[in-house]
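Reading through the structure tokens given below for one structure.
The values are calculated or read from the model by the stated rules, or taken from the named source; none is laboratory data. Remember, it's a predicted structure, so these values are computed and weren't measured experimentally. Glycine also receives a Cβ, built like all others from the backbone with ideal geometry; neighbour counts cover every protein chain displayed. Please note that ligands, DNA and RNA were not included when accessible areas were found on the heavy atoms of the full protein model with its side chains. Shrake-Rupley method; radii C 1.70, N 1.55, O 1.52, S 1.80 Å.
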Amino acid sequence: MAYLSNALKTQLRTHFSYACAYCHSPEFLSNAIFEFDHILPEASGGDSIFENLCFCCPKCNSYKREAVEDVDSETNQLTRLFHPHEDVWNEHFAWSENKITLIGKTVVGRVTISCLKINAPERVALRQVWVEFKRFPPEMN
């Protein structure tokens, strides 16, 4: 990964409210150091600029790797992933009634949830604890 200035890192953390741009897990509840993801990977020509970077949890970042699209299980069509700067999170995602499972409202949302394994059992279990302690979900756009 290219060098990111401290100013850019702070700008990204603030812009994404210190939470994952994809799953909205708050960094302060995590036992991990959050990362900076190239939305369009460097290997595909993505630049290390604000508009191509997001703040994200290590789980989302590890599953995303260099993906920018994936196959939707319902339509069997190749579909782009959610773009944290160009898309509005609430247009593509919603929390289930119990606030622990993320629901894709659009094909982009479904594909992103699937590719990043946002509803993997261990991630859902962790969110359930956060919800029980009234710490989740964060208020974000």
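Rolling a 1.4 angstrom probe over the protein heavy atoms with all chains in place gives segment 50-141 an accessible area of 56 Å² per residue.
The modelled label-to-label distance between S30 and T101, using points 7 Å beyond Cα along the C-beta direction, is 2.4 nm. Largest accessible area first, the residues H83, H15 order themselves as H15, H83 under a 1.4 Å probe with ligands, DNA and RNA left out. Residues in segment 8-21 carry Karplus couplings, in order, of 5, 4, 5, 4, 5, 4, 5, 4, 9, 6, 6, 9, 4, 5 Hz; the curve used is 6.51 cos²θ - 1.76 cosθ + 1.60 with θ = phi - 60°, and Gly or Pro positions show x. Rounded to whole numbers, the Karplus 3J(HN,Hα) couplings from phi for segment 42-52 are 4, 4, 9, x, x, 8, 8, 10, 3, 5, 10 Hz, using 6.51 cos²θ - 1.76 cosθ + 1.60 with θ = phi - 60°, and x at Gly and Pro. Extension gain for the segment V71 to N6, taken as residue separation times 0.36 nm less the Cα-Cα distance, is 19.8 nm to one decimal.
For L53, the amide hydrogen comes within under 5 Å of the amide hydrogens of I39, counting only partners 5 or more places away or on other chains and with H modelled in the peptide plane. Note on the chain: dipole from Cβ charges, positive end direction compared against P84, Y63, Y3; the farthest Cα belongs to Y63. The distance linking segment 1-24 with segment 110-141 is 19 Å (Cα centroid to Cα centroid, whole angstrom).
In this label model, Y63 and D47 are separated by 3.1 nm, measuring between points 7 Å along each Cα→Cβ vector.
The amide H of T79, built 1.01 Å from its N in the peptide plane, has D70, V71, D72 as neighbours under 5 Å, considering only residues 5 or more places off or on other chains. Each residue of segment 80-85 is assigned a 3J(HN,Hα), and the resulting list reads 5, 7, 4, 10, x, 9 Hz, derived from the Karplus form 6.51 cos²θ - 1.76 cosθ + 1.60 (θ = phi - 60°), x at Gly and Pro.
Straight-line cross-link reach from K64 at under 28 Å between alpha-carbon atoms covers these lysines, not counting any fewer than eight positions away in the same chain: K9, K99, K105, K117. Using C-alpha pairs under 8 Å with a sequence gap of at least 6, the mean separation divided by the residue count of the chain gives a relative contact order of 20 percent. Only protein atoms count toward the accessible area here, which uses a 1.4 Å probe; on the chain, the carbon and sulfur part of that area reaches 51 percent.
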